[in-house]
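None of the figures in this text is laboratory data; all of them are computed from the coordinates on show. If you're wondering where the values come from, they're calculated on a predicted model, not measured in any experiment. All Cβ positions, even for glycine, are placed from backbone atoms using ideal geometry, and neighbour counts span all protein chains on display.
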Amino acid sequence: MKSEPDAYSIDDLARDGVEPWDGIRNYQARNLMRDEMSVGDRVLFYHSNAKPPGVVGIAEIASSAYPDPTQFDPDSAYFDDSSSPDDPRWLLVDVRYVSHLERIVGLPEIKDDPALADMVLVKRSRLSVQPVSAEEFDHIVALGGSVA
DNA sequence: GCCAACGTTGGC
DNA sequence: GCCAACGTTGGC
């Protein structure tokens, strides 16, 4: 899962513990949260639009998908007036902090690693929630160093 | 700041 | 249903 650290960083998640992952406004990302995530699933936390961009930590899914309240809030940047409470268009999941990696695994390193060539991040980078295989997950954690 | 790659919108 | 115009993402 990607986040711009200026908006919400791994340090913010470490401080907050659990955070509703609001603001996802992409159908593919929504469907992944709805259909492919279970409580306890591990998450790679990725800093996008960062210097450097890369995987910075580990989180886990702390809830199943439920309606994102910001879509109904006219004062929110994520407000969507074509969504109704009867039939919510946008969902979110709660995300819980697990750990930082010992070092950032940067995007260039990921792109250059043959074991990671099939990652969605490499093949189709512009998606804020992406599936990661168990092998890819373990490989990146091994590169970055697991703190726990 | 630039721009490539997508995703969405809306006229027809 | 097609597709042009437009908006967003995010690396560089």
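Could you work out, for the range A:12-71, what percent of all Cα-Cα pairs fall into each 10 Å distance bin, beginning at 0 Å and stopping at the bin that holds the largest distance?
Values per bin, smallest distances first: 19, 50, 30, 1.
Provide the per-residue ³J(HN,Hα) series for the range A:71-88, in order, calculated from phi with Karplus coefficients 6.51, -1.76, 1.60 and θ = phi - 60°, each as a whole number of Hz, with x at glycine and proline positions.
5, 9, 9, x, 8, 8, 5, 9, 4, 10, 6, 9, 9, 10, x, 5, 8, x
Percent of alpha carbon pairs in chain A separated by more than 22 Å?
39 percent
Report the extension gain between residue A:81 and residue A:6 in nm, rounded to one decimal, defined as 0.36 nm multiplied by the number of residues separating them, less their alpha carbon distance.
In short, 24.3 nm is gained.
List the residues whose amide H sits under 5 Å from the amide H of residue A:58, counting only those 5 or more places along or on another chain, with H placed 1.01 Å from N in the peptide plane.
Excluding prolines and chain starts, which carry no amide H, the hits are A:45, A:98, A:99, A:100, A:101.
Quick one: Kirkwood hydrodynamic radius for the range A:72-148, alpha-carbon pairs, angstrom, one decimal?
Working: mean 1/r = 0.0646 Å⁻¹.
After inverting the pairwise mean of 1/r, the radius is 15.5 Å.
Farthest toward the dipole's positive end in chain A, which of A:54, A:77, A:29, given Cβ charges of +1 (Lys, Arg) and -1 (Asp, Glu) about the Cα centre?
Toward the positive end, the furthest listed residue is A:54.
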